[in-house]
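*Asks:* Next up is a structure, given as structure tokens.
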Amino acid sequence: MGIVTLLTDFGLRDEYVGVMKGVILSVDPNAVIVDITHEIPPQDVRSAAYLLPAYPSFFPAGTVHVAVVDPGVGSERAILAVKWRGRYFLAPDNGLLTFILDGVPEAIVRVENREYFLHPVSRTFHGRDIFAPVAARLSAGLPIENLGPCVPAGNAARLKIAKARRSPGGGVTGAVVSVDRFGNLITNIDAGRLDAVYRGSGMEAAALEICGRRIEGLNLSYEKAAEGDPLLIVGSRGCLEIAVCGGDAAKVFGAGPGTRVRLLPPDRS
Amino acid sequence: MGIVTLLTDFGLRDEYVGVMKGVILSVDPNAVIVDITHEIPPQDVRSAAYLLPAYPSFFPAGTVHVAVVDPGVGSERAILAVKWRGRYFLAPDNGLLTFILDGVPEAIVRVENREYFLHPVSRTFHGRDIFAPVAARLSAGLPIENLGPCVPAGNAARLKIAKARRSPGGGVTGAVVSVDRFGNLITNIDAGRLDAVYRGSGMEAAALEICGRRIEGLNLSYEKAAEGDPLLIVGSRGCLEIAVCGGDAAKVFGAGPGTRVRLLPPDRS
Amino acid sequence: MGIVTLLTDFGLRDEYVGVMKGVILSVDPNAVIVDITHEIPPQDVRSAAYLLPAYPSFFPAGTVHVAVVDPGVGSERAILAVKWRGRYFLAPDNGLLTFILDGVPEAIVRVENREYFLHPVSRTFHGRDIFAPVAARLSAGLPIENLGPCVPAGNAARLKIAKARRSPGGGVTGAVVSVDRFGNLITNIDAGRLDAVYRGSGMEAAALEICGRRIEGLNLSYEKAAEGDPLLIVGSRGCLEIAVCGGDAAKVFGAGPGTRVRLLPPDRS
């Protein structure tokens with residue numbers, strides 16, 4: 001019994017997701033299909049790339065993670081199958097796999113073996129004609145090598161990712177990379193970097209600037225004394241987040257993906 | 001094969017629901033997971049509390065119903081496991097279980113046994129670290145008593161619920177408590193109370209006032225002579241609803257949760 | 001192991017879809033339930049009718065396709081069970097099945113056998129009381145004839161469907177019938193008709209007028225030279241679509257269901 005997860009920009013209004021599930025179940029009637037989200041903004045490869053590393057480790061080894069945000073469908077762009085930490089990934093070679101590729105995968109294969117496709121293969125809906133049937137084959141146990149030739153990691157498409165970096169005064173300059181449903185602002189500053197800055201001084205010295213405002217201290221949970229207070233917290237993705245107790249930080253700060261943040265050094269006074 | 005249902009305010013944009021499903025399937029690969037809704041407004045415990053009793057009786061005995069609307073995640077609030085009419089419930093002890101607790105549960109347990117949690121337990125995402133793995137254990141057959149110590153019903157948190165009440169003239173004063181997708185206004189006046197008021201006079205004597213307007217007679221279905229007519233009906237939750245034939249009663253009346261309604265006595269003329 | 005798909009206008013905010021799934025799993029614990037969509041606009045039978053033929057062929061034979069958009073619930077309207085190309089369909093007899101009925105079904109049955117219903121049968125939620133339990137019985141192997149008497153195809157309700165038609169000068173006059181999540185405008189002009197018009201001249205002669213603008217040439221994929229360019233393509237439903245590269249054609253053209261389109265004859269110059 002294999003699990004297939006789906007991440008797309010198809011939305012839930014149309015038949016597209018249902019059609020993919022029909023194809024998967026036609027190939028592997030025992031597949032268990034789990035929706036991650038279909039609400040990626042249309043053709044927003046970058047949003048999907050940031051979301052992709054956030055869930056696979058919570059699924060059993062062998063799970064097949066399909067991600068289809070694919071403005072180049074029908075063009076010459078390749079489709080990649082990747083094995084990483086015992087999980088499988090299927091996605092167009094358009095940068096969607098950026099963070100997975102950074103993780104040094106066990107195998108990267110160009111999906112070319114048309115024997116596993118649904119025919120005739122359209123040039124408008126590879127989710128149905130290639131991703132779904134190939135995912136079902138993988139989940140049913142097909143070796144990834146059967147899908148096509150190996151590809152060197154360096155040949156796969158990657159997005160340019162703005163990384164958080166040490167600033168001259170000892171702090172860190174980063175950015176908001178995602179906003180979740182609650183309006184929490186998820187940054188690219190991970191817990192390790194946070195530790196590095198405040199090791200020795202303690203987390204009460206933590207302070208971050210965003211949109212001209214300063215938030216001080218690191219919280220351990222979303223609860224804080226007063227509703228409406230902004231707070232810093234290490235969120236469920238392991239990165240620093242800006243939240244507002246009982247509120248929506250994205251609205252309060254007028255912030256979103258790309259907004260710069262600055263972690264201040266402990267000895268700033 | 002156990003069933004786990006999910007009711008949350010997580011929305012469908014982020015990875016949170018998918019992560020919970022991954023954890024459940026990692027613990028119990030045979031679990032069948034059913035989404036009730038993830039569109040509870042963020043942190044709106046009251047909306048979730050009203051929705052929670054509306055579906056469990058339609059699932060088989062043994063089903064585990066998980067409800068996570070949890071503004072106090074990471075604080076000292078407890079998590080409760082409840083057995084009621086052969087079904088299991090997992091929710092934070094914040095009032096979400098109000099109507100279930102009113103139903104005189106067979107067992108109420110404080111979820112404390114960390115053996116069944118996902119480690120390390122975060123203080124920001126108990127849906128992933130506690131609710132999901134514990135639900136999977138219950139659905140796989142773990143006795144509820146293994147989760148922690150029993151709690152007296154009187155110690156569990158309850159919301160203050162405005163109940164419909166008999167008014168001096170013989171009618172009933174109540175309120176809208178939910179609005180569904182069609183704009184139907186669901187009140188806290190149940191079918192038993194309706195019967196009590198009009199027993200003897202017949203349902204053609206029924207009349208309700210809302211927002212300064214009066215609706216007369218009780219309908220048996222949403223169909224009525226003219227499109228746009230408001231109508232009274234006993235809805236699928238067993239309570240009196242105000243609907244508009246082919247329309248949206250919430251918009252027509254400008255009404256929503258909290259709007260007062262008055263059921264008029266039969267001898268009002 | 002049977003598959004049941006669901007197409008409704010119930011939305012995802014309320015408990016209605018979850019309740020249907022609970023009833024299905026209570027009757028057939030092995031049923032695999034697949035959501036097609038629950039975002040049909042409330043009571044929009046026409047939208048559902050257009051969507052219904054778009055996915056069943058991608059599911060295995062034996063799948064039960066349930067469609068509930070049912071403004072007449074509780075009235076005298078019938079419920080039909082249809083067998084078509086080895087798949088089963090359950091829907092109210094209100095025109096929702098129009099395109100399936102056009103496909104010459106193997107069997108059409110009026111669902112009347114109350115033995116398979118959930119009792120008491122309400123007059124407000126047949127999705128729960130009739131569609132769900134009957135679907136589960138069909139998916140578990142009940143012969144369709146057991147549900148009730150056969151109905152001649154001519155007696156079933158059909159919507160008036162505007163068909164594309166040959167125009168006097170040799171072109172085709174049609175209309176937009178659906179808009180998908182990406183803003184692609186799906187017309188009622190199918191690939192066969194397109195072939196008929198341009199056979200001999202080649203697809204580079206294709207041209208379509210919509211909202212006073214002309215789009216020339218037929219694309220094979222959504223990719224085209226310049227972002228923002230409108231393009232013609234045969235979409236995943238096998239019909240002519242108007243798309244905008246990297247954009248939203250519905251917004252660009254201000255078009256939607258009902259917008260007329262004109263396919264121009266090849267010798268128009």
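The values are calculated or read from the model by the stated rules, or taken from the named source; none is laboratory data. Just so it is clear, the structure is predicted and the values come from calculations on it, not from any experiment. No Cβ is skipped: glycine too gets one built from the backbone with ideal geometry, and neighbour counts run over all protein chains shown.
*Asks:* Under 16 Å from residue C:130 (Cα atoms) and either surrounded by fewer than 23 Cβ atoms within 10 Å (Cβ to Cβ) or free of Cβ contacts under 8 Å to residues at least 60 places away in the same chain (or both): does that describe residue C:4?
*Replies:* No; evaluated as a whole, the condition is false for this residue.
*Asks:* Under the condition of being of a type outside the set (Gly, Ala, Ser) and surrounded by 19 or more Cβ atoms within 10 Å (Cβ to Cβ), which residue from segment B:202-215 is farthest from the other protein chains (Cβ to nearest Cβ)?
*Replies:* B:210
*Asks:* Further question on the same structure: Identify, from the list B:53, B:29, B:71, the residue that is at the interface with chain A (Cβ under 9 Å from one of its Cβ atoms), at pLDDT 95 or above and either farther than 26 Å from residue A:48 by Cβ or part of a strand (DSSP E or B) (or both).
*Replies:* Exactly one residue qualifies, and that residue is B:29.
*Asks:* Of all residues in segment A:118-141 being more than 14 Å from chain C (Cβ to nearest Cβ) and part of a loop (DSSP other than H, G, I, E, B), which is nearest to residue C:59 (Cα to Cα)?
*Replies:* Residue satisfying both the conditions and the ranking: A:140.
*Asks:* Then there's this: Of the residues that make up segment C:20-41, is at least one surrounded by fewer than 22 Cβ atoms within 10 Å (Cβ to Cβ) and more than 27 Å from residue B:61 (Cβ to Cβ)?
*Replies:* Checking segment C:20-41: at least one residue is surrounded by fewer than 22 Cβ atoms within 10 Å (Cβ to Cβ) and more than 27 Å from residue B:61 (Cβ to Cβ).
*Asks:* OK, next. Mind counting the residues in segment C:142-166 that are in a helix (DSSP H, G or I) and charged (D, E, K, R)? Spell out how you get there, then give the answer.
*Replies:* First, the residues of segment C:142-166 that are in a helix (DSSP H, G or I): C:144-147, C:153-155.
With charged (D, E, K, R) added as a condition, the list becomes C:145.
Adding up the residues that qualify gives 1.
*Asks:* So, one more: Can you tell me which residue in segment B:213-240 is nearest to the chain's Cα centre (by Cα), limited to those that are polar (S, T, N, Q) and in a loop (DSSP other than H, G, I, E, B)?
*Replies:* In this case the residue turns out to be B:236.
*Asks:* I'm checking my understanding of the structure. Among residues of segment C:42-66 that are out of contact with any helix residue (DSSP H, G or I) (no Cβ under 8 Å at 6 or more places or on another chain) and farther than 16 Å from residue C:105 by Cα, which one is surrounded by the most Cβ atoms within 10 Å (Cβ to Cβ)?
*Replies:* The residue in question is C:48.
*Asks:* OK, next. Look at segment C:74-90 and say how many of its residues are more than 10 Å from every other protein chain (Cβ to nearest Cβ) and among the charged types (D, E, K, R). Write out each step before concluding.
*Replies:* First, pick out the residues of segment C:74-90 that are more than 10 Å from every other protein chain (Cβ to nearest Cβ): C:78-90.
If we keep only those that are among the charged types (D, E, K, R) too, we end up with C:83, C:85, C:87.
The total comes to 3.
*Asks:* Residues in segment C:121-130: is at least one among the polar types (S, T, N, Q) and either at pLDDT 95 or above or under 27 Å from residue A:29 (Cα atoms) (or both)?
*Replies:* For segment C:121-130, residues among the polar types (S, T, N, Q) and either at pLDDT 95 or above or under 27 Å from residue A:29 (Cα atoms) (or both): absent.
*Asks:* Looking at (1) over 26 Å from residue B:39 (Cα atoms); (2) within 14 Å of chain B (Cβ to nearest Cβ), find the lone condition where residue A:223 falls short.
*Replies:* It is condition (1) that residue A:223 fails.
*Asks:* Looking for something aromatic (Phe, Trp, Tyr), buried (at least 24 other Cβ atoms within 10 Å of the Cβ), outside any loop (DSSP other than H, G, I, E, B) and in contact (Cβ under 8 Å) with a residue 24 or more places away in the chain - is there at least one such residue anywhere in segment B:89-106?
*Replies:* yes
*Asks:* So, one more: Quick check on segment B:56-67: of everything there that is closer than 12 Å to residue B:89 by Cβ and in a loop (DSSP other than H, G, I, E, B), which residue is nearest to the other protein chains (Cβ to nearest Cβ)?
*Replies:* Going through the qualifying residues, I end up with B:59.
*Asks:* Working only within segment B:136-169, note down all residues that are out of contact with any Gly (no Cβ under 9 Å at 6 or more places or on another chain), in contact (Cβ under 8 Å) with a residue 60 or more places away in the chain and within 30 Å of residue B:29 (Cβ to Cβ).
*Replies:* B:137, B:144, B:147, B:148
*Asks:* Listed residues A:85, A:77; which is touching a Pro at 6+ places or on another chain (Cβ under 9 Å), farther than 30 Å from residue C:247 by Cβ, surrounded by fewer than 19 Cβ atoms within 10 Å (Cβ to Cβ) and charged (D, E, K, R)?
*Replies:* Being touching a Pro at 6+ places or on another chain (Cβ under 9 Å), farther than 30 Å from residue C:247 by Cβ, surrounded by fewer than 19 Cβ atoms within 10 Å (Cβ to Cβ) and charged (D, E, K, R) holds for just one of A:85, A:77, which is A:85.
*Asks:* So if I check each of A:240, A:218, which one is at pLDDT 95 or above, surrounded by 13 or more Cβ atoms within 10 Å (Cβ to Cβ) and over 22 Å from residue B:45 (Cβ atoms)?
*Replies:* A:240
Residue by residue, here is whether (1) in contact with a strand residue (DSSP E or B) (Cβ under 8 Å, 6 or more places away or on another chain); (2) within 25 Å of residue B:10 (Cα to Cα) holds:
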position: A:50; (1), (2): yes, yes
position: A:53; (1), (2): no, yes
position: A:59; (1), (2): yes, yes
position: A:79; (1), (2): yes, no
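*Asks:* For residue A:70, indicate whether it is within 20 Å of residue C:32 (Cβ to Cβ), touching a helix residue (DSSP H, G or I) at 6+ places or on another chain (Cβ under 8 Å), among the charged types (D, E, K, R) and in contact (Cβ under 8 Å) with a residue 24 or more places away in the chain. Please lay out each step first, then the result.
*Replies:* Details: within 20 Å of residue C:32 (Cβ to Cβ): no; touching a helix residue (DSSP H, G or I) at 6+ places or on another chain (Cβ under 8 Å): yes; among the charged types (D, E, K, R): yes; in contact (Cβ under 8 Å) with a residue 24 or more places away in the chain: yes.
So residue A:70 fails the test.
*Asks:* So residue A:39 clears everything in (1) among the acidic types (Asp, Glu); (2) at the interface with chain C (Cβ under 8 Å from one of its Cβ atoms); (3) in contact (Cβ under 8 Å) with a residue 12 or more places away in the chain except one condition, right? Which one?
*Replies:* For residue A:39, the exception is condition (2).
*Asks:* Can you name every residue in segment A:186-201 that is outside any helix (DSSP H, G or I) and away from every other protein chain (no Cβ under 13 Å)?
*Replies:* The answer is A:187, A:188, A:189, A:190, A:199, A:200, A:201.
*Asks:* Continuing with this model, one more query. With the checklist (1) touching a Phe, Trp or Tyr at 6+ places or on another chain (Cβ under 7 Å); (2) surrounded by fewer than 17 Cβ atoms within 10 Å (Cβ to Cβ); (3) of a type in the set (Asp, Glu) in hand, flag the one item residue C:129 doesn't pass.
*Replies:* With (1) touching a Phe, Trp or Tyr at 6+ places or on another chain (Cβ under 7 Å); (2) surrounded by fewer than 17 Cβ atoms within 10 Å (Cβ to Cβ); (3) of a type in the set (Asp, Glu) applied to residue C:129, the lone miss is (2).
*Asks:* Among the residues of segment A:107-117, count how many are outside any helix (DSSP H, G or I) and either aliphatic (A, V, I, L, M) or under 24 Å from residue A:25 (Cβ atoms) (or both). Working first, answer last.
*Replies:* If we filter segment A:107-117 for residues that are outside any helix (DSSP H, G or I), which is where we start, we get A:107-113, A:117.
Remaining after also requiring either aliphatic (A, V, I, L, M) or under 24 Å from residue A:25 (Cβ atoms) (or both): A:107-109, A:111, A:113, A:117.
Final tally of qualifying residues: 6.
*Asks:* If I filter segment B:1-26 down to residues being of a type in the set (Gly, Ala, Ser) and at the interface with chain A (Cβ under 7 Å from one of its Cβ atoms), which single residue comes out as farthest from the chain's Cα centre (by Cα)? Full working, then the answer.
*Replies:* Pass one, segment B:1-26, residues of a type in the set (Gly, Ala, Ser): B:2, B:11, B:18, B:22, B:26.
Narrowing further to those that are at the interface with chain A (Cβ under 7 Å from one of its Cβ atoms): B:11, B:18, B:22, B:26.
Working: B:11: 17, B:18: 22, B:22: 25, B:26: 28 Å.
Step by step, filter segment B:1-26, then rank; the result is B:26.
*Asks:* For segment B:69-76, check the following and say yes or no: at least one residue is of a type in the set (A, V, I, L, M, F, W, C) and within 17 Å of residue B:8 (Cα to Cα).
*Replies:* Residues of segment B:69-76 that are of a type in the set (A, V, I, L, M, F, W, C), as a first pass: B:69, B:73.
Those left that are additionally within 17 Å of residue B:8 (Cα to Cα): B:69, B:73.
Yes: segment B:69-76 contains one or more residues that are of a type in the set (A, V, I, L, M, F, W, C) and within 17 Å of residue B:8 (Cα to Cα).
*Asks:* Which ones in segment C:185-205 are modelled with pLDDT of 95 or more and touching a helix residue (DSSP H, G or I) at 6+ places or on another chain (Cβ under 6 Å)?
*Replies:* C:185
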